[in-house]
1. How many of the residues making up the range 47-78 are of a type in the set (D, E, K, R) and either closer than 18 Å to residue 24 by Cβ or crowded, with 18+ Cβ neighbours inside 10 Å (or both)?
2. Looking at 36, 13, which one is without any contact (Cβ under 8 Å) to a residue 12 or more places away in the chain, surrounded by fewer than 17 Cβ atoms within 10 Å (Cβ to Cβ) and not in a strand (DSSP E or B)?
3. Quick check on my filter: what residues within the range 16-33 are in contact (Cβ under 8 Å) with a residue 12 or more places away in the chain and more than 12 Å from the chain's Cα centre (by Cα)?
4. Among the residues that make up the range 39-58, is at least one of them in a strand (DSSP E or B) and aromatic (Phe, Trp, Tyr)?
5. Could you tell me whether residue 25 is loosely packed, with under 13 Cβ neighbours inside 10 Å and not in a strand (DSSP E or B)?
Amino acid sequence: MQWWGAEDGFGLEVNGEEIELYKFDPDAENAKRARETGTMQMNGFSLPVVYNERLNVALAGHDEHPQKEELEEIFPDI
């Protein structure tokens, strides 16, 4: 199964709140969009993401997490 062009995806809990991670081929349309605009297209909606280029993984669902700022700061460089 693929999630909007992702090779894999899953949710996990960070300090009691869920976030989602999506692994992409770096040439996938949503990977390019994530790098360029900080968003992905999912079911016709634009979803804010943080993209880690080294891992080719997008972090989603962080925008409503209580530790949003910390996640946005550390995720691109892990």
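1. Qualifying residue count, the range 47-78: 3.
2. Answer to the selection: 36.
3. If the condition is that a residue be in contact (Cβ under 8 Å) with a residue 12 or more places away in the chain and more than 12 Å from the chain's Cα centre (by Cα), then 17, 18, 25, 26, 28, 29 are the ones that fit.
4. Looking for residues that are in a strand (DSSP E or B) and aromatic (Phe, Trp, Tyr), one finds at least one in the range 39-58, hence yes.
5. So residue 25 fits the description; yes.
Throughout, read-outs are computed from the coordinates displayed, never taken from laboratory work. Since the model is a prediction, treat every value here as computed from it, not as a measurement. All Cβ positions, glycine included, derive from the backbone under ideal geometry; neighbour counts span all protein chains shown.
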